[in-house]
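Visitor: There's a structure below that I have some questions on.
Read the figures in this text as sums done on the coordinates, not as results from a lab. This structure is a prediction, so every number in the text was calculated from the model and none was measured. Cβ placement follows ideal geometry from the backbone for every residue including glycine, while neighbour counts extend to all protein chains displayed.
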Amino acid sequence: MSFLARVEGELRLDGMPLADVAREFGTPCYVYSRSAIESAYREFDQGLGGVDHLVCYAVKASSNLAILDALARLGAGFDIVSGGELARVLAAGGSAERVIFSGVGKSEAEMRTALAAGIKCFNVESEPELERLDALAGAMGLSAPVSLRINPDVDARTHPYISTGLAGNKFGIPHGRALEAYARAARLSNLRITGIGCHIGSQILETAPLDEALERVMELVAALAGEGIALAHVDLGGGLGIRYRDEVAPDIRGYCERLARRFAGSGFQLLLEPGRAIVGSAGVLLTRVEYLKLDKAKRFAVVDASMSELLRPALYESWHDIVPVEPSRAAPATYDVVGPVCESADVLGVDRSLAIREGDLLAILSAGAYGMAMASNYNSRPRPPEVIIDRGRALQVRARETIASLHVLERRLPDA
Ligand SMILES: *Cc1c(COP(=O)(O)O)cnc(C)c1O
């Protein structure tokens, strides 16, 4: 089930010719398929259909209001990591009761806002955070719902920068400290213990580490029950990977159905926090070839997108397929596809065989997750627009930033 297809040589997303999108909105430009996002969400939601569950989309993967809106309309929950993300979810029509708040550095202001909004729970990542949350909730006359994020010390077997479940990572409460941390939470009178969770990493391709983490968490659930601490939910985090190159992505539906069987009759609500698996394959970044530089030891295709639009290749040396949007009569040759930013790391693809000429359009695939969300203004580049293909229409859901907007918050020095 691919939403990307070639019709008479021209690349279409959800039936919409991407060349038309580039003509209307310019390049670089992010384009997403609403149906692709919705159908990925439904794989989770329907796979877990046999058990009480909430699929909490990890907002940080791609946080445009239109994407959050589409998911909120399907009944999704949201996993947030900042006050800014909470504001986005609410602005997009999401409801606070379906929001869970992760992250190792929640500020007092963020906690107060989330308490006042009435979120489903705080995924607490340390014991000092328990103390802070208890004090703030007490001052507000509220009881804070908490779930502890346990670091199960499981190797997700993914890139070290996106591995979060090992003892050496900054995330979560160490497995060995979990029972003490729960006992401490239980003594704090303004906290209400609701669950337990983990999140071991991202772009996970085998489900074995996820299963291992689940069993580690369930051991704790049993031990906690023995101590009289009953939980309402178990949160297994996100992290399921997608195909970027030739990986075999895990079967989401099958994984969820297995979980549903495991939890059937358990009385627990099951939570997942997928980000990449929902939006990653649903988006592309359109870019135009500015120059072909053929006088170096390597051949370079300099395009108008860069690491400031798509950081993943520079940050993790990650692979994205790069394909022409329209057929070309040019002869194929091998290029490094690079952007205009003044960094040698500004490479979008190495040694790509492409039949291209200057002015041709390219699509960088699988760019829906951690693409626009990580875009920056480095080199004073306005961030690109975002367009969503929705029932045959191309809707611009974020305008291209203007150059003037880039320094609107800045001031020159006073004269004297
Ligand atoms: C980033 C993150 C996710 C989502 O990860 P994906 O790999 O995009 O599914 C889920 N939960 C937490 C706590 C995260 O930090």
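Visitor: Quick query: amide H of Phe171 versus all other amide H atoms, modeled in the peptide plane; which residues come in under 5 Å with a sequence gap of 5 or more or a different chain?
Guide: none
Visitor: Counting only Cα, what are the radius of gyration and maximum Cα-Cα distance Dmax of the range 288-416, in Å?
Guide: Answer for the range 288-416, Rg first and Dmax second: 16.8, 62 Å.
Visitor: Taking other Cβ within 10 Å of each residue's Cβ, how do Asp295, Asp321 sort, fewest first?
Guide: Asp295, Asp321
Visitor: Hull surface divided by four, with the convex hull built on the Cα atoms of the chain: how many nm²?
Guide: 23.7
Visitor: Could you please rank Ile193, Ile229, placing first whichever residue has the fewest other Cβ atoms within 10 Å of its Cβ?
Guide: Ile229, Ile193
Visitor: In what order do Ile200, Ile252 fall by count of nearby beta-carbon atoms within 10 Å, going from fewest to most?
Guide: Ordered by Cβ neighbours within 10 Å, fewest first: Ile252, Ile200.
Visitor: Right, next: Along the charge dipole of the chain, which of Ala345, Thr27, Pro324 sits closest to the positive end, that is, farthest toward it, with unit charges on the beta carbon of Lys, Arg, Asp and Glu (+1, +1, -1, -1)?
Guide: Farthest along the dipole direction, towards plus: Thr27.
Visitor: Can I ask one more? What is the gain in length, in nm to one decimal, between Ser376 and Asp351 on full extension, counting 0.36 nm per residue of separation less the C-alpha to C-alpha distance?
Guide: Length gained, Ser376 through Asp351: 6.4 nm.
Visitor: Could you please report the charge total around Arg288, scoring K, R as +1 and D, E as -1 over all other residues with beta-carbon less than 13 angstrom from its beta-carbon?
Guide: -4
Visitor: Do you know the relative contact order of the range 244-328, to the nearest whole percent, from alpha carbon pairs under 8 angstrom that are 6+ apart?
Guide: 25
Visitor: So what is the relative contact order for the range 53-107, in percent, with contacts set as C-alpha pairs under 8 Å and at least six apart?
Guide: Reported as a whole number, the value is 40 percent.
Visitor: Sticking with this one: Using all Cα-Cα distances in the range 229-272, what percent lands in each 10 angstrom bin from 0 up to the longest?
Guide: 23, 44, 22, 9, 1
Visitor: Kindly list the residues of the range 360-395 that lie in the label zone of Thr402, defined by a backbone N under 20 Å from the point 7 Å along the Cα-to-C-beta vector.
Guide: Output list for this probe position: 377-378, 380-387.
Visitor: How big is the range 34-275 on each of its three principal axes, counting only the C-alpha atoms and giving the largest first in Å?
Guide: So the extents along the principal axes, rounded to whole Å, are 50, 38, 36.
Visitor: Now, a different point. Using the Kirkwood formula over every pair of different C-alpha atoms, what hydrodynamic radius in Å results for the range 106-249?
Guide: The answer is 15.8 Å.
Visitor: Still on this structure, I have one more. Please give the charge dipole size of the range 34-275, origin at the Cα centre, charges +1 on K and R Cβ atoms and -1 on D and E Cβ atoms. Round to the nearest 20 debye.
Guide: Its charge dipole is roughly 420 debye.
Visitor: I've got another one for you. Under a point spin-label approximation (7 Å from Cα along Cα-to-Cβ), what is the Glu410-Asp211 distance to one decimal in nm?
Guide: 5.4
Visitor: Rounded to the nearest 0.05, what FRET efficiency do Ala222 and Arg73 give with R0 = 45 Å and r taken as the Cβ-Cβ distance? Could you check?
Guide: E between Ala222 and Arg73, to the nearest 0.05, is 0.75.
Visitor: Taking the Cα centre of the chain as origin, sum charge times position over the Cβ atoms of Lys and Arg (+1) and Asp and Glu (-1), and report the length of that vector in debye to the nearest 20.
Guide: The calculation lands at about 500 debye.
Visitor: Can you tell me the relative contact order of the chain? Whole percent, Cα pairs under 8 Å, sequence separation 6 or more.
Guide: The normalised contact order for the chain reaches 19 percent.
Visitor: List the residues, sorted by chain then number, that are 5 or more residues from Tyr291 or on another chain and whose placed amide H is less than 5 Å from its amide H.
Guide: Under 5 Å from the amide H of Tyr291 lie the amide H atoms of Val302, each far enough along the sequence or on another chain.
Visitor: Return, ordered by residue number, the residues of the range 1-43 whose backbone nitrogen is under 19 Å from a label point located 7 Å along Cα→Cβ of Arg253.
Guide: 1-4, 35-43
Visitor: Would you work out which of His233, Leu311, His175 lies farthest towards the positive end of the dipole of the chain? Charges go on Cβ: Lys and Arg +1, Asp and Glu -1.
Guide: Leu311
Visitor: At 0.36 nm per residue, and after removing the present C-alpha to C-alpha distance, how many nm does the segment from Ala19 to Arg112 gain when stretched out fully?
Guide: Extra length available between Ala19 and Arg112 comes to 28.8 nm.
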